[in-house]
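Just below is one structure, and these are the notes that go with it.
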Amino acid sequence: MTFGITPRRAAGVALTLAAGLLLTACASAEPSPSGSTDEPGEFVRGETLRLGILQEPLSWDPSQAHVGHLLQPYQAVYDTLIMREPDGTLSPMLATEWSYNEDLTELTLELRDDVTFSDGEAFDAEAVKVNVENFKAGNGRQAAQLADVEAVEVVDADTVVLELTQPNPALEYYLSQAAGLMGSPAAIATEGIATLPVGSGPYVMEAAGSVPGSQYVFTANESYWNPELVKFNRVEMKVLVDVTARVNALVSGQIDATIVDARTAGQVEAAGKTLSANQVDWTGLMLLDRDGTLAPALADVRVRQAINYALDRETMLEQVQLGAGTVTHQVFGPESGAYIDELDERYPYDPEKARELLDEAGYGDGFELTIPTFPGLESIVPLLTQQFADVGITLVAESVPPQNIVADIAGGKFPAAYFFLFQGEPWVAINQLISTEATYNAFDSMTPELQELIDEVRISGAESDDAAKKINEYVTEEAWFAPLYRLDQIYFYDPNTITSVPQTQQAVPSIYNYSPVQK
Amino acid sequence: MVSFTLRRLGAGVVLLIAISILTYSILFFSSANIARNLVGDQATEEQVALKEQQLGLDQPFLSRFADWFMSALSGDFGRSWFTSEPVAVAIANRLPITLTLVAVAILLTAIVSTLIGMLAAVKRGWMDRAVQVGAVIGYAAPGFVLAVLFVTLFAVQLRLVPPVSTISPGAGAAAWFTSLLLPVIALAINAVASSAQQLRSAIIKQLERDYVRTLRSRGIAEREILFRHVLRSAAPAGLTILSLQFIGMLGGAVIVEQIFALPGIGSLAVTATSAGDIPVVMGVVLFTVIIVIVVNLLVDLVNGWLNPKVRVS
């Protein structure tokens, strides 16, 4: 099994392209800048790429790397073994090809032999081994990505085998994410790596200009093995936690691109910036207490379905998000292989039906449900409370300090919770929401039937998407969740200076997706 | 004078230790979920437990505080849990920005409020009333509202200065000037309003004293009475007001720095506190307390120099 374009991916490419064209057409009356990298030979490297970022690395040690917003800074300085294209296709990077053995427990990677780290160390199979071991020992945020990797066998200088304890359908994807970031073996063992990254990436961090909490500065890696990916002489990432500060910086031209929110999008658009939106997270309720430990009513599937029917998703999307999103009834995203179109019509708004179901379940007189609330939910909680009240359920929102929220949900302190969750690859979502190891399966809910489906995903290799679809059907039908909508990630860039292509399942593009406007 | 200074410094050290213990215990009791937030929501319970062990979060209060205290005594304040930056470096990078912001704002406050207060006290009449009304308005407008207003008007609309700080290591004077201009004004307006008001009363009080009448009866010029005698006598009151303003401004800087994305101590304090970054919070608190102690001491010394009567106490 090597990289290749599956039909699903091909559809993804087409969709992304179509969406991109549509957005460009809507967003600006001026002619859009041409995709410069398409004409080799003519490309002129840009001067400085200035990005507004809102999260920064805990440490530059690749073992501490993260996904989403946080992948971008690591990508500037570290290459991944496998490259993930904007549409999600996996393509060669430090590894030129890769393949599994028959029972999917050994992944053999062929490596480039012309790559050196910025400290002069050579990249080879030994370096991969050191990095994998460092990642496994580092107890980082994504340590789970390599949990199934038991050992690394160095076959020769440019061949390495990852030996797995059991098949892992997302491993190739993980090698394009945190687990695939390769640091210099001489540097990652030292304390210095925490503040000064040493990788083989397209850029090198400039320590003197970088201040955590303020900005990170990178300069072009002149000896980079793939000059096409070095599109700017300099990259500046300015840490701007406050959305108003990001809007002001973008509108006044201090930065070239950043992420804003639905309420500020109008102002940014009016200033002539180009929207480059995609969807990464879903938001809604997790009906966690499926065995009825804290809230006996939730043990009845009819009650959980009733909650789904009680929600007027359209209205909430309009009022809370100003319509910037798409209503959904499932927790898997359209870019993941587990998505099923029809499921998004499973629970239309029908309070009458909700009341009937509650009645059948013996909760015709209603019941009380407690969820945690935290800053950011001010507008959604009153709407939820109202809609729950309409079918006879009393929603109690208990205030929880933001730093405690994940621990409280994961610790099973609440029978249900409203939250924002990443829609990743099927295996990622399963292990975040559904399996018994999942953080957000707080009460370890499981049925033999579901466990069988999960095991099937694990061992199905290329067909794992079909198995994941069955899981999606199962948890949607069983109403494990009550999703409301997928949120638009509202990313804007300045069309006079750069172009930017959205990256699937990432709120912010990968570092390779920006190009300077060619004059 | 020397023993006075030494006594004040001794009291400062006691205060420093007391505040450290207090802050550490508050942080200790709200630090239950830091490990979970560090490893993220995709980590297993085992990972969370391991992280707690790595950070020493599984240790009892006394041993954690003792560890921190002994390292701090030897000058090692640890590293940020959330950015890996050494705390001493983080503070050294950021303190100059906050101190410049507050010092320039206080200087501006001193000059402007003295002028206004003096004008109101001497001229009285409509000028006095205008100053009084202006002071109430200036005092009532919260600094952060003014800051947001300034950004929108002068930075985003008129493009006179950048809306977001351009101060970075090695940045020139121009970057410092344009980045600090609006924050300084936003910070100073409240302070000017209240200080001018209080200086006005202090000057009026002096002008009504007998010695002023005596000086006048001797034919000493009004200007000389004002600058050589009245102002000097009113100065201790003014200095005390300014020192209180200075400390208040350290608090105001927290919000103003956020709005202008200034990489100072204030914005560091906000991020570190909300994340539960104990090493950084402790460092910030420690250095802020030291600044407050030093400023108070300096004010007392200057007051003593201005007014010998204070020295005995």
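The values are calculated or read from the model by the stated rules, or taken from the named source; none is laboratory data. Just so it is clear, the model here is predicted, and its values are computed rather than measured. Neighbour counts run over all protein chains shown; Cβ positions are idealised from the backbone, glycine included. Accessible surface areas use protein heavy atoms only, side chains included; no ligands, DNA or RNA. Shrake-Rupley method; radii C 1.70, N 1.55, O 1.52, S 1.80 Å.
Summary table below
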quantity	calculated
Whole-Å distance, taken between Cα centres, linking segment A:416-474 and segment A:49-94	25
Rounded if a/c under 1.5, otherwise prolate or oblate - segment A:77-197, Cα gyration tensor axes	rounded
Within 10 Å of each Cβ in B:44-50, the average number of Cβ atoms from other chains	4
Environment charge of A:Pro483, counting only residues whose C-beta is closer than 14 Å and scoring Lys/Arg +1, Asp/Glu -1	-3
Residue-normalised accessible area of chain B, expressed per residue, 1.4 Å probe, Å²	50
Karplus (6.51, -1.76, 1.60) ³J(HN,Hα), θ = phi - 60°, over segment B:278-289, in Hz, Gly and Pro reported as x	4, x, 6, 4, 4, x, 4, 4, 4, 5, 5, 5
Rg/Rg_globular for segment A:377-519, with Rg_globular taken as 2.2 N^0.38 Å and Rg from C-alpha atoms	1.34
Between segment A:486-519 and segment B:1-42, the alpha-carbon center distance in angstrom	43
Principal axes of segment A:281-487: Cα extent on each, largest first, Å	46, 37, 35
Distant-in-sequence amide H partners of A:Asn278 (H built 1.01 Å from N, under 5 Å)	A:Gln489, A:Tyr491
Within 10 Å of each Cβ in B:194-204, the average number of Cβ atoms from other chains	0
Over the protein assembly as shown, equivalent-ellipsoid semi-axes from the Cα gyration tensor in Å	54, 32, 28
Once the Cα gyration tensor of segment B:64-124 is diagonalised, semi-axes √(5λ) in Å	44, 13, 8
Chain A - mean residue ellipticity at 222 nm from DSSP helices (-39,500 (n - 2.57) per run, n ≥ 4, rounded to 500)	-8000 deg cm²/dmol
Positive minus negative residues near A:Ile380 (Lys, Arg vs Asp, Glu; Cβ under 13 Å)	-2
Listed peptides A:348-361, B:267-280 by packing density, highest first (mean Cβ within 10 Å)	B:267-280, A:348-361
Whole-Hz couplings from phi, Karplus 6.51/-1.76/1.60, listed for segment B:3-12; x for Gly and Pro	5, 4, 4, 5, 4, 5, 5, x, 4, x
For chain A: lysine pairs under 25 Å (alpha-carbon distance), excluding those fewer than 8 apart on one chain	4
Semi-axis lengths (Å, descending) of the ellipsoid that matches the C-alpha gyration tensor of segment B:93-273	37, 16, 14
Cβ neighbours within 10 Å from other chains - mean over A:475-484	0
Solvent-free Debye scattering, log10 I(q)/I(0), computed from the Cα coordinates of segment A:156-287 at q = 0.10, 0.11, 0.21 Å⁻¹	-0.55, -0.66, -1.30
Under-5 Å amide H pairs with B:Arg79, H placed in peptide plane, nonlocal only	B:Val87
Sorted largest first, extent of chain B alpha carbons per principal axis (Å)	85, 55, 33
Value at 222 nm in deg cm²/dmol, rounded to 500, when DSSP H runs of n ≥ 4 in chain B each add -39,500 (n - 2.57)	-25500 deg cm²/dmol
Rounded to whole Hz, the Karplus (6.51, -1.76, 1.60) HN-Hα couplings of segment B:23-39, x for glycine and proline	4, 5, 6, 4, 5, 4, 7, 10, 9, 4, 10, 4, 4, 4, 5, 6, 8
Percent accessible area from carbon and sulfur atoms, segment A:400-453, protein chains only, probe 1.4 Å	53
Shielded residues, segment B:261-288 - accessible-area loss of 20 Å² or more between chain alone and all protein chains, probe 1.4 Å	B:Ala261, B:Pro263, B:Ser274
Protein accessible surface hidden between B and A, which excludes ligands and nucleic acids, total in Å², probe 1.4 Å	3300
Chain B: relative contact order as a whole-number percent, Cα under 8 Å and 6+ apart	25
Alpha-carbon radius of gyration plus Dmax, which is the widest Cα pair, for segment B:32-143 in Å	25.2, 74
Calculated over segment A:271-344: convex hull of Cα atoms, volume per residue (Å³)	133
Segment A:77-197, relative contact order in percent, only Cα pairs under 8 angstrom and at least six apart counted	31
For segment A:147-211, convex hull volume per residue from C-alpha positions, Å³	132
Protein accessible area in segment B:93-273, 1.4 Å probe - carbon and sulfur %	68
Per residue value of the accessible surface for chain A (all protein chains in place, 1.4 Å probe), Å²	37
